[in-house]
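Structure first, commentary second.
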Amino acid sequence: MSTHTSSPFSSANVDPAELAKFSDLAHRWWDTESEFKPLHQINPLRLNWIQTLLPLKNKKVVDIGCGGGILSDAMARQGAEVLGADLAVKSLKVAQLHALEAGTQGVQYREISAEDLAIEQPGQFDVVTCMEMLEHVPDPQAIVQACFDVLKPGGSLFLSTINRTPAAFAMAVVGAEYVARLLAKGTHDYRSFIKPSELASALRHAGFVLEDV
């Protein structure tokens, strides 16, 4: 968790191969036994972490890299006004369909990059969440900066990404993709994993104050 105590952006901060990968899996986002099972399993934990540090009721939230809306939907059910932002159109359509079927109020989804949203709506959100996204983009620093720019003064950012350790390689790549086959092969690139010290540096560079790890 970090707190917000501008620069021009490009919407090109996306890896087409990563976008295609998640688009191909879009129809499985809400299948709790699919490749996304780990996200469904961890979602109550991360939601509780956010709620413990900052109750979401009546907060204006943007979920950057929302995918199929697993966290976005859960936050809206806690009384937040949520915008789910992503560039994978198929995933967004699945998220929208789920919201309609589940009757979830207070959540909308848009195809827009974090950088473009920062230009369009600077200083407009109380909370930004960005979960399991930074390890999938070419320039994580630009995403962190965009997260800072869309926050109101005093707003909070919640991030989740994978630490670049041998244990993470063993579990997230070898174990999850090749042994247990919980995830599709190639879902993660170990070289793109981010150490806490690197993330902390990126946060400070953007203007955040790191409060909780």
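The table for this structure:
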| item | result |
| --- | --- |
| Qualifying residues in segment 47-95 (those that are in a helix (DSSP H, G or I) and of a type in the set (Gly, Ala, Ser)) - the one nearest to the chain's Cα centre (by Cα) | SER72 |
| Enumeration of residues in segment 132-144 that are touching a Ser or Thr at 6+ places or on another chain (Cβ under 7 Å) and either modelled with pLDDT of 95 or more or among the charged types (D, E, K, R) (or both) | GLU132, GLU135 |
| Residue in segment 28-35 that is open to solvent by 30 Å² or more (accessible area, probe 1.4 Å), at pLDDT 65 or above and of a type in the set (S, T, N, Q) present | yes |
| Residue tally, condition under 26 Å from PHE208 (Cα atoms), open to solvent by less than 80 Å² (accessible area, probe 1.4 Å) and not aliphatic (A, V, I, L, M), over segment 74-93 | 4 |
| Of residues in segment 99-138 being in a helix (DSSP H, G or I) and within 22 Å of ASP31 (Cβ to Cβ), the one least open to solvent (accessible area, probe 1.4 Å) | ALA99 |
| Counted residues, segment 148-161 - those being under 20 Å from ASN43 (Cβ atoms) and open to solvent by less than 10 Å² (accessible area, probe 1.4 Å) | 3 |
| Verdict on LYS60 being open to solvent by 30 Å² or more (accessible area, probe 1.4 Å) and in contact with a helix residue (DSSP H, G or I) (Cβ under 9 Å, 6 or more places away or on another chain) | no |
| Boolean, GLN96 is over 17 Å from TRP30 (Cβ atoms), of a type in the set (S, T, N, Q) and open to solvent by 40 Å² or more (accessible area, probe 1.4 Å) | no |
| Candidate set from segment 40-57 (those that are hydrophobic (A, V, I, L, M, F, W, C) and under 27 Å from ARG28 (Cβ atoms)); member that is most open to solvent (accessible area, probe 1.4 Å) | LEU45 |
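One line per residue, one yes/no per condition, for (1) more than 17 Å from the chain's Cα centre (by Cα); (2) in a strand (DSSP E or B); (3) at pLDDT below 90:
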| position | (1), (2), (3) |
| --- | --- |
| ASP149 | no, no, no |
| LYS152 | yes, yes, no |
| ILE162 | no, no, yes |
| VAL173 | yes, no, yes |
| ALA184 | yes, no, yes |
| HIS188 | no, no, yes |
| LEU199 | no, no, no |
| ARG204 | yes, no, no |
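The values are calculated or read from the model by the stated rules, or taken from the named source; none is laboratory data. Please read these numbers as outputs of a predicted model, since none were measured by experiment. We place every Cβ from the backbone using ideal geometry, glycine too, and count neighbours over all the protein chains shown. These area figures cover heavy atoms from the full protein model, side chains too; ligands, DNA and RNA do not enter into them. Shrake-Rupley method; radii C 1.70, N 1.55, O 1.52, S 1.80 Å.
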